[in-house]
1. Taking the residues in region 422-441 that are within 23 Å of PRO243 (Cα to Cα) and outside any strand (DSSP E or B) as candidates, determine which candidate is most open to solvent (accessible area, probe 1.4 Å).
2. Within region 396-406, restricting attention to residues that are surrounded by fewer than 19 Cβ atoms within 10 Å (Cβ to Cβ) and in contact (Cβ under 8 Å) with a residue 60 or more places away in the chain, which residue is farthest from TYR151 (Cα to Cα)?
3. Look through region 54-72, keep the residues that are part of a loop (DSSP other than H, G, I, E, B) and surrounded by fewer than 15 Cβ atoms within 10 Å (Cβ to Cβ), and return whichever of them is modelled with the lowest pLDDT.
4. Determine whether ASP154 is open to solvent by 20 Å² or more (accessible area, probe 1.4 Å) and not hydrophobic (A, V, I, L, M, F, W, C).
5. Identify the single condition in (1) closer than 25 Å to LYS380 by Cβ; (2) touching a strand residue (DSSP E or B) at 6+ places or on another chain (Cβ under 8 Å) that GLU202 does not satisfy, given that it satisfies every other one.
6. What are the residues in region 321-352 that are open to solvent by less than 10 Å² (accessible area, probe 1.4 Å) and in a helix (DSSP H, G or I), if any?
7. Which one of these does ALA306 not meet: (1) out of contact with any Pro (no Cβ under 9 Å at 6 or more places or on another chain); (2) over 17 Å from SER397 (Cβ atoms); (3) open to solvent by less than 20 Å² (accessible area, probe 1.4 Å); (4) among the small types (Gly, Ala, Ser)?
8. Within region 253-272, is there a residue that is of a type in the set (D, E, K, R) and out of contact with any strand residue (DSSP E or B) (no Cβ under 7 Å at 6 or more places or on another chain)?
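The values are calculated or read from the model by the stated rules, or taken from the named source; none is laboratory data. Not measured: the values here are computed from a predicted model. FYI the Cβ positions are ideal-geometry reconstructions off the backbone, even for glycines, and counts take in every protein chain you see. Accessible surface is based on the protein model in full, side chains and every heavy atom, while ligands, DNA and RNA are left aside. Shrake-Rupley method; radii C 1.70, N 1.55, O 1.52, S 1.80 Å.
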Amino acid sequence: MLLWNNLLSVLNALVYSVENLDGFENGLLDDASIINTTFVGDSEVHQYNQGTEDNSIVTAIDYGSASACPKAAKYGTGPPESCTEPTDPNNMPASELESWFTKEMFEDLFPFANLGWGPVSCWPYSYEAFKIASRYFPEFGTSINVTNTVYTADENKKRDLAAFFAHAVQETGENNIALYDTLSDQDASNCFYRGGFYNWFEGGPTSSFLDPKTPGYTPADGSSCASAGQYCSASSQITYFYPCSNETVENTAAPYKGCYFGRGAIQISYNYNYGQFQDWLKSVNIDVDLLNEPNLVMTKMDPPLAVLASLWFYMTPQPPKPAMHDIVMGNWNSGAKNQVAGYTGPIFGPTSLIINNECSGEDPTNPGGPGESRRIKAFKWFCGYFDAPTGPEETLSCKNMPVPLDQIFYNLSFQPDWSSTWKEVPCTCAPASYGGLIFYYDPDYYPDSFVAQNDYNRLKCIASIYANPSMYSMDNKTSPCLNY
């Protein structure tokens, strides 16, 4: 790198007068906020914050840099000297996301990831893990298959990333409200929202679900849990498709292996979500048994599941819930009443309803309380960092959304076709207006890529009827179709 005085002279000549910019101290710029390097003549010139030509140093100063933040509390003894770094057994091609969202940006945004030790590649949250995970979802942060004309392609991809990161801050951020006691409001926010990807386990950093001797300071600590962390949901269909593990270990403080409490960046939880994620992994040639070993979400690095599970949840609809990604990109149908009220197109508000059924609005002060308020404030901050619009204030919250997602009536799942189960013909399945574990993606409400799964899902439903008719309250006498 050139000497600082040469760099500053180039910057002064090109764009700004340093002495007139708030946030420059002693005329020096901080290395941590450098994102992209270009050349003017024989000199290096650095862009800040976005790595795009329309970015300005003023924007970068407003949102600070990681080096200006107080160090976060660290838990445990830190990353091991040697480790298994994230790899991809499928060698998925690079995502367009990588062309604009760089490692430098990730590390500037999440300097305190992994319990304060930083985004090191040995542990679940790193740019390397994020990059590999994003390759499995090429639409994430790229504007691919986004048709809304409300925002430009550049704005759409940034808003997508801002939404995902906003939820990660609420779910697994350090959320250090004490920053607002010692820093200015803006400086505190700049550090507060850089606290994402901090925790690994629900209730962390010291999770009450785990053995107090191994409370969550290494990814392997989540291999067993106390009863409160089991999160085993049971019904005839859930137990058939996604049964909880009954295995135990000799540890009185944490004897259960079937622990489906929250793990990962946006906290995948409950056995049916672990099971559906496992199904999706199988569809991309990754064979992993998450129902018997749920902590693989935190420990498996080939590919890195802690980020991949969260992206899967963000990108995947579960009728009657659209994918959060599709709401932010405008690829969803909110129904007539919601459309009239402005809850349509590329908005943020309903994503809080999807992830945790939160619609309480935004608190007037910073940082405010947890829940939807924090998600909204974080989304605003990340949009500011990326220089992207947040959208209308009203629809940042789902508080005033007239019709909740589960009250927009259309067919949601495949179920036995009750109009023919009593006939002496082979059993079949049809779309039903009530929920289930075998989704039906209504073409009027979901993207084509999911509608294309309907034929497979119908056959899966038929196979399940013959494999376990009792879970549908069917038998050979009442349902003669089972005899064919």
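1. Per the stated criteria, the residue is TYR434.
2. Taking region 396-406 as the starting set, the residues that turn out to be surrounded by fewer than 19 Cβ atoms within 10 Å (Cβ to Cβ) are 399-400, 402-404, 406.
Narrowing the set further to residues that are in contact (Cβ under 8 Å) with a residue 60 or more places away in the chain leaves 402-403, 406.
Working: PRO402: 24, VAL403: 25, ASP406: 28 Å.
In this case the residue turns out to be ASP406.
3. Taking region 54-72 and keeping what is part of a loop (DSSP other than H, G, I, E, B), we get 54-56, 63-65, 69-72.
Right, trim to surrounded by fewer than 15 Cβ atoms within 10 Å (Cβ to Cβ) and you get 54, 70-71.
Values: ASP54: 38, PRO70: 97, LYS71: 96.
Applying the filter and picking the extreme gives ASP54.
4. Values: open to solvent by 20 Å² or more (accessible area, probe 1.4 Å): yes; not hydrophobic (A, V, I, L, M, F, W, C): yes.
So ASP154 fits the description; yes.
5. Exception for GLU202: condition (1).
6. Within region 321-352, MET324, HIS325, ASP326, ILE327, VAL328, MET329, ASN338, PRO350, THR351, SER352 meet the criteria.
7. (1)
8. First pass over region 253-272, keeping only residues of a type in the set (D, E, K, R): 257, 263.
Next, only the ones that are out of contact with any strand residue (DSSP E or B) (no Cβ under 7 Å at 6 or more places or on another chain) stay: none.
Within region 253-272 (the criterion being of a type in the set (D, E, K, R) and out of contact with any strand residue (DSSP E or B) (no Cβ under 7 Å at 6 or more places or on another chain)), the answer is no, since none of the residues qualifies.
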